Amino acid sequence: MDTIQKSGIKAQDKAKDYEEKISHGTAEIPIALHKLEYPKGTQNVFYLHWHREIEILVVTRGIIEIQVEETKYVLEKGDCIFINSNMYHSARAVNTDGCAFYAVVFSYEFLQNDLHTHFSKHYIRPVLKGKLLFTPVIRRDNGWQSKILDWLDEINELDHLKLLDSELMLKTRMYAIWELYYKHGKLNDVMEDDNSLNQERIKPVLAYIEENYSYEVTLSELAALIPMSEGQFCRVFRQTMNRTPMQYIMRYRVMQSCHLLTETNKKIAEIANLSGFNNISYYNKVFLSIVGCTPKQYRNSNF
């Protein structure tokens, strides 16, 4: 089973890229329950987005492919995925039979609203920071994974509009779920101190990409900014950002093009060129692989 990688992009850097604007829960009870059905013929379940809340999604019908950052997972009925705070994710139906899922979306504040308490330092902050990785996909196994799924199914039985009436039940179930995820979590192989040092080292590179993404950018240019050999630079960049320099540039270009698609009336070919793609076919291919739909579909869905 692949593990969810820690995103190399901090929340404040993502703010302009595609944060979901939907509110999940309330200040009084920062948790929400979403139940969604998709008819036959549905292709895109939801487009690429991120949010500050944690999400636990359970498939109730059909087969869904969910991409979290760079990793894709195929979930069938009864399967569950854990999506950490600030992680890019998108989903599509694997076939045309239709699908459905429910998702419990909650802020860490539902468990503990003060990140400086002993509880938060030991059980919440390591997860939010990516030091401890929860099992990304769980399935019924007659063990701890089945227990989590049973508790989630109990939550799904609640009226999503009256969660406050069941706050005690929600708290006990979510604490129990978090405990099992925590017990079976794995420490991240990348040490935080090393990662922080590397983030400082590549800051000039990220700034250069932001200023020059619409032009041709080469590895030798980027490596010379630090300076490092191209091989060493690629290793450090990948270790820090969880993707290669070229993958990062392509993703950044696509994210910038998203704003032009929704905020201007420019032709898609022109947007591709302004975003650093000199070939519209290649732009369409890269956009589809990252966002989960074509530029035209993305534009139409946001108007």
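The values are calculated or read from the model by the stated rules, or taken from the named source; none is laboratory data. Keep in mind it's a predicted model, so treat the numbers as computed, not measured. Cβ: placed from backbone, ideal geometry, glycine included. Neighbour counts: every protein chain shown.
Sub-6 Å Cβ pairs linking a first residue in the range 140-154 that is touching a residue at least 12 places away in the same chain (Cβ under 8 Å) to a second residue that is surrounded by 14 or more Cβ atoms within 10 Å (Cβ to Cβ) and among the hydroxyl-bearing types (Ser, Thr, Tyr), at least 6 apart or interchain, are 140/146, ordered by first then second residue.
With respect to the conditions (1) in contact (Cβ under 8 Å) with a residue 60 or more places away in the chain; (2) within 28 Å of residue 286 (Cβ to Cβ); (3) assigned to a strand (DSSP E or B), residue 56 lacks only one, and its number is (2).
Might you let me know whether the range 84-97 holds any residue that is modelled with pLDDT of 90 or more and touching a helix residue (DSSP H, G or I) at 6+ places or on another chain (Cβ under 6 Å)? For the range 84-97, residues modelled with pLDDT of 90 or more and touching a helix residue (DSSP H, G or I) at 6+ places or on another chain (Cβ under 6 Å): present.
Residue count for the range 68-110, restricted to those that are surrounded by fewer than 19 Cβ atoms within 10 Å (Cβ to Cβ), aliphatic (A, V, I, L, M) and in a loop (DSSP other than H, G, I, E, B): 1.
One residue stands out among those in the range 244-299 that are charged (D, E, K, R) and free of Cβ contacts under 8 Å to residues at least 40 places away in the same chain: the one that is nearest to residue 49 (Cα to Cα), which is 251. Listed by position, the helices (runs of 4 or more DSSP H) enclosed by the range 135-239 that each have at least 2 residues that are in contact with a helix residue (DSSP H, G or I) (Cβ under 7 Å, 6 or more places away or on another chain), in the same structural domain as residue 283 (by TED's automatic domain parsing) and not acidic (Asp, Glu) are 192-201, 203-212, 219-224.
Of the residues making up the range 240-255, just one is surrounded by fewer than 16 Cβ atoms within 10 Å (Cβ to Cβ) and either at positive phi or not in a helix (DSSP H, G or I) (or both), namely 244.
Taking the options 38, 47, name whichever one is modelled with pLDDT under 95 and more than 21 Å from residue 177 (Cα to Cα). Explain how you work it out, then say what you get.
Values: 38 fails: modelled with pLDDT under 95.
That would be 47, the only listed residue that is modelled with pLDDT under 95 and more than 21 Å from residue 177 (Cα to Cα).
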